[in-house]
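Taking it in order: structure first as structure tokens, then the write-up.
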Amino acid sequence: MTASHDWHDPARFPDPAALHADTVCRTPPTMLHGDERKLLRWLVREHFTGAGAVVDLGCWLGGSTAALVTGLRENRQVPEQGRIIHTYDWFRWHPSYEKYGLDFTRAPGECFVEEVERYLAPWRSSVDLHVGDITSATWEGGPIEFLFVDLMKDAASTRSVALTFFPHLIPNRSLVLHQDFKHYFTFWLHLLMYRLREYFVPVLNLGRASTVVFQPVERLTVEAIEQAATFDTVAGDEIDAAFDYSDGVVTYSEPALREEIRKARARAKDVLLRN
């Protein structure tokens, strides 16, 4: 455990203490914690091999994308032609964005991708930008080595992301970063990863931020994902088992983040057991 209370599996993940020595790189406006931006840059710079693609799901204005591009451009293992970030987002305005003091605004539901293009200009040559609803997204880019997920916001998006991208992960090589793991709203993540616990192991928990990193240990089948990402019938004891599992994963997190997990458990029961 580092001074910042990160936890990592030393057999599968490099000591994260090194990432805290990095500076927080320049990015467009972002909701990401500084430790998360450092992690993205550090991982793709120091540990990305080019065995698969880098996929960025849910970039908002490009904060995660810019951090990933910065690290990839600093990576000396990967040929220049392989330094591309595949970024997906819907880019639709929500009134809650007003609180971030941006230099533009939109009507609810209006697309703001032109502003994303403006913000991402310094990094744009290294970005393959996919605009649209994630439930209609496709992936034909081969193996995925690095998957950053920040858009599993409901059952439909959770299911779509898992079915579209998880089959392309490389066992014992790929990393999946769940940015929303410690957010009260996204309880679907906990059920999904609990149900897939024979296929994934946790390898890093950021103590001061919401991200938890998992690594696949077996190739995921569509059948296994289908079962794990079906939420039509969920019993209360399975919800408790899933969140008990998550509690063990986030043990070294700051108290406020552990409280988010507690609230997510309560919300899962309220939503899934109300009938």
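The values are calculated or read from the model by the stated rules, or taken from the named source; none is laboratory data. Source: prediction; values computed, not measured. Counting neighbours? That spans all protein chains shown, and the Cβs are built from the backbone with ideal geometry, glycine included. The accessibility values were calculated without ligands, DNA or RNA, using every heavy atom of the protein model including side chains. Shrake-Rupley method; radii C 1.70, N 1.55, O 1.52, S 1.80 Å.
Hey, any idea what % of the chain's accessible area is carbon plus sulfur with a 1.4 Å probe?
Carbon with sulfur: 50 percent of the solvent-accessible area.
Please turn the phi angles of the range 235-246 into ³J(HN,Hα) values with the Karplus equation 6.51 cos²θ - 1.76 cosθ + 1.60 (θ = phi - 60°), one per residue in order, whole Hz, x for glycine and proline.
Computed from phi, the couplings for the range 235-246 are 8, x, 5, 6, 4, 5, 4, 5, 6, 4, 4, 5 Hz.
Determine ³J(HN,Hα), in whole Hz, for all residues of the range 109-122 in sequence, where each value follows from phi through the Karplus function 6.51 cos²θ - 1.76 cosθ + 1.60 and θ = phi - 60°; x replaces Gly and Pro.
For the range 109-122, the Karplus-derived couplings read x, 6, 6, 10, 5, 5, 6, 4, 4, 5, 5, 7, 3, x Hz, x marking Gly and Pro.
Can you give me the long-range amide H partners of Val217? Hydrogens built in the peptide plane at 1.01 Å from N, cutoff under 5 Å, separation of 5 or more residues or another chain.
The list, which skips near neighbours in sequence, is Asn172, Phe200, Val201.
Suppose a student asked you for the relative contact order of the chain, using Cα pairs under 8 Å spaced at least 6 residues apart; what percent would you report?
18 percent
Quick one: accessible area per residue over the chain, 1.4 Å probe, rounded to a whole number of Å²?
Dividing the accessible area of the chain by its residue count gives 43 Å².
Taking the range 118-275, how much of its Cα-Cα pair set, in percent, is spaced more than 22 angstrom apart?
42 percent
Place the peptides 38-45, 238-245, 86-93, 10-17 in order of packing, highest mean first, counting for every residue the other Cβ atoms within 10 Å and averaging per peptide.
Details: 38-45: 24.9, 238-245: 17.0, 86-93: 20.8, 10-17: 13.8.
Per-residue mean Cβ counts within 10 Å order the peptides as 38-45, 86-93, 238-245, 10-17.
What are the principal axis extents of the Cα atoms in the range 1-128, in Å, biggest first?
Sorted largest first, the three principal extents are 48, 36, 21 Å.
Taking H as built 1.01 Å from N, whose amide H comes closer than 5 Å to the amide H of Asp128, not counting residues under 5 places away?
Amide H to amide H, under 5 Å and 5 or more residues apart or across chains, Asp128 pairs with Ile85, His86, Thr87.
At what distance in angstrom do the alpha carbon centres of the range 89-128 and the range 173-209 lie from each other?
Rounded to whole Å, the Cα centres lie 26 Å apart.
Taking 0.36 nm per residue of sequence separation and subtracting the Cα-Cα distance, how much length would be gained by fully extending the chain between Gln81 and Glu140, in nm to one decimal?
Length difference between fully extended and current span is 19.5 nm.
Based on alpha-carbon positions alone, could you give the equivalent ellipsoid semi-axes of the chain from the gyration tensor, as √(5λ), descending, whole Å?
So the equivalent ellipsoid measures 27, 22, 20 Å along its semi-axes.
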